[in-house]
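Read the structure below first, then the notes.
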Amino acid sequence: MLIPALLFKEEILKEFSRIIYTEDFFYYSGYTGCFELPDIKDCDNLYQYAIVNKNKVIGYLTYTVDPYVNCVRNFGLISFDKGNYIIGRELFNEMESLIKKYHRVEWQMIGGNPIKKHYDRFCEEHNGRVVVLHDANRNPNGEYCDVYIYEVVGG
């Protein structure tokens, strides 16, 4: 279940602190050597959610809405309970509702992220497209990796 992150701020920051130096955090942030916790706050057009199962925080989802162009972007998703299908279900349910509500939904993903096949399938189901930026980032091991930019544009 998606619940406003402000209600679980301490738990979310604790979970981020637990994984901040891992590969999972790199897939979330896209940065190597930059370990900044999210700023969970009440702010116009910024949506931040705890993904909760049985009153336990299992993930975090954030995105922004640009009302001027009717676009959703700047997604961030992280799992604190690796392999838990609820996180993906909540993400894609939210994305489904956003596609119906907004003209454009866009998100990026770092190559090597295990969720790629799900993003590809979701994008294809919604007649979206993906652009690949080759060798656009470096992972914590110093290897180059691609960045994928997805977009779904409504009618």
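If a paramagnetic tag sat 7 Å from the Cα of L46 along the Cα-Cβ line, which residues of segment 71-87 would have the backbone N under 19 Å from that point?
71-78
How much mean residue ellipticity at 222 nm does the chain get from its helices, if each DSSP H run of length 4 or more adds -39500 (n - 2.57) and you divide by all residues, to the nearest 500 deg cm²/dmol?
-9000 deg cm²/dmol
Too long at a 25 Å Cα-Cα cut-off: which of K54/K82; K54/K100; K9/K116; K9/K100; K41/K117?
Exceeds cut-off: K54/K100; K9/K116; K9/K100; K41/K117.
Report the full-extension gain for the segment K117 to I149: residue separation times 0.36 nm, less the Cα-Cα distance, to one decimal in nm.
Full-extension gain reported as 10.2 nm.
Just round it to a whole percent: the fraction of Cα-Cα distances in segment 2-153 exceeding 29 Å.
Summing the P(r) of segment 2-153 above 29 Å gives 14 percent of all pairs.
Using amide H atoms built 1.01 Å from N in the peptide plane, name the residues 5+ places from N137, or on other chains, whose amide H lies under 5 Å from its own.
Amide H neighbours of N137, under 5 Å, 5+ apart: C145.
Charges only on Cβ, +1 for Lys and Arg, -1 for Asp and Glu: so what's the dipole of the chain about the Cα centre, in debye to the nearest 20?
320
Go through 56-63, 101-108 and give me the packing order, highest mean Cβ count within 10 Å leading.
Values: 56-63: 20.0, 101-108: 17.9.
Ranked from most to least packed, the peptides come out as 56-63, 101-108.
Every number in this text was worked out from the coordinates using simple rules, so none of it is lab data. This structure is a prediction, so every number in the text was calculated from the model and none was measured. Cβ atoms come from the backbone with ideal geometry, glycine included; neighbour counts cover every protein chain shown.
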